[in-house]
Amino acid sequence: KARALLDVEWQRVLRVIDEVAVVEVEERRASDAAGLRGERYLEWPFTFAVSDPGARPLRLHGVADRVDLWWKGGRLERLRVRDYKTTRTTAHLRAGMALPEGDDRRLAYQIPVYLDAAARAFGVPPDASLEGGYWSLLAQTRERERARVFTREELAEAEGQMRVLVATARAGVFDVAPHACDEWCPYRTVCRYQPPPVEDDGD
């Protein structure tokens, strides 16, 4: 890159770092005021197995960008997982975390899997808050955080959907949801569904 462009990008990086530092300080103050002790894990590796009756267990592994725990005394009160992004637009992240409508399947499993792994690893009590989402470093301030609280039922449902997804893949079936197809999907070259050509608006 030209030096001028690099300087612009570097200034943007420095600004983002400053903003993240401010958020960290504010969170620390809030947790101290509530009598909570924070604990943080960055680049947290995990491996766990989801049982699948009648088939081999589904083994999941990965690395979560960040896991935060908040303790009150010796009791875990709150768990949060966060994935950092460099995208400037966040609408697709919010859509990925949304609850499926009707019989639709979940579109994104990343955050539920991270939460599932962390809840298992840290022995989260049933009434603790489970939160997860994305932090987009380059997005507008009001859109930077896309996160919400997840229920245990949602995590269990995501496990069930993953079992079905893997079972269909093992059977040689690759299901698609055309209404959710993305022009830039990384699987476009191997997907059996091809979206129709864009209609010409001219006469």
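The values are calculated or read from the model by the stated rules, or taken from the named source; none is laboratory data. Quick caveat: nothing in here was measured; it's all calculated off a predicted structure. All Cβ positions, even for glycine, are placed from backbone atoms using ideal geometry, and neighbour counts span all protein chains on display. What goes into the accessible areas is simple: the full protein's heavy atoms, side chains included, and nothing from ligands, DNA or RNA. Shrake-Rupley method; radii C 1.70, N 1.55, O 1.52, S 1.80 Å.
Restricting the range 49-62 to residues that are aliphatic (A, V, I, L, M) and more than 23 Å from P125 (Cα to Cα), the residue that is surrounded by the most Cβ atoms within 10 Å (Cβ to Cβ) is L58. Of the numbered criteria (1) surrounded by 17 or more Cβ atoms within 10 Å (Cβ to Cβ); (2) aliphatic (A, V, I, L, M); (3) within 24 Å of W71 (Cβ to Cβ), the one V149 fails is (1).
Quickly run through the range 140-157 and pick out the residues that are assigned to a helix (DSSP H, G or I), among the aliphatic types (A, V, I, L, M) and closer than 18 Å to R82 by Cα. Matches in the range 140-157: L155 only. Selection of the range 1-37 for residues being small (G, A, S) and touching a Lys or Arg at 6+ places or on another chain (Cβ under 7 Å) yields only G35.
With respect to the conditions (1) out of contact with any Pro (no Cβ under 7 Å at 6 or more places or on another chain); (2) without any contact (Cβ under 8 Å) to a residue 60 or more places away in the chain; (3) not acidic (D, E), R82 lacks only one, and its number is (2). Residues in the range 128-145 that are buried (at least 19 other Cβ atoms within 10 Å of the Cβ) and farther than 25 Å from V50 by Cβ: W135, S136, A139. Applying a threshold of 6 Å to beta carbon distances and a minimum spacing of six or more residues, or different chains, the list of pairs starting in the range 119-146 at a residue that is within 16 Å of A98 (Cβ to Cβ) and ending at one that is of a type in the set (D, E, K, R) and part of a helix (DSSP H, G or I) reads R146/R94.
This table checks each residue for (1) in contact with a Gly (Cβ under 6 Å, 6 or more places away or on another chain); (2) in a strand (DSSP E or B); (3) surrounded by fewer than 16 Cβ atoms within 10 Å (Cβ to Cβ); (4) of a type in the set (D, E, K, R).
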site	(1), (2), (3), (4)
T47	no, yes, yes, no
V67	no, yes, no, no
A118	no, no, no, no
P126	no, no, yes, no
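Among the residues in the range 94-108, are any surrounded by 12 or more Cβ atoms within 10 Å (Cβ to Cβ), modelled with pLDDT of 80 or more and more than 24 Å from V22 (Cβ to Cβ)? The answer is no; no qualifying residue exists. The requirement of being of a type in the set (D, E, K, R), under 20 Å from S136 (Cβ atoms) and in a loop (DSSP other than H, G, I, E, B) is not satisfied by R94. The residue list D52, D68 contains one member that is touching a residue at least 24 places away in the same chain (Cβ under 8 Å) and over 21 Å from the mean Cα position of the chain (by Cα), which is D52.
Open to solvent by less than 50 Å² (accessible area, probe 1.4 Å), more than 23 Å from E145 (Cβ to Cβ), more than 24 Å from the chain's Cα centre (by Cα) and not basic (K, R): is that true of G35 in this structure? Taking the combined requirement at face value, the residue satisfies it.
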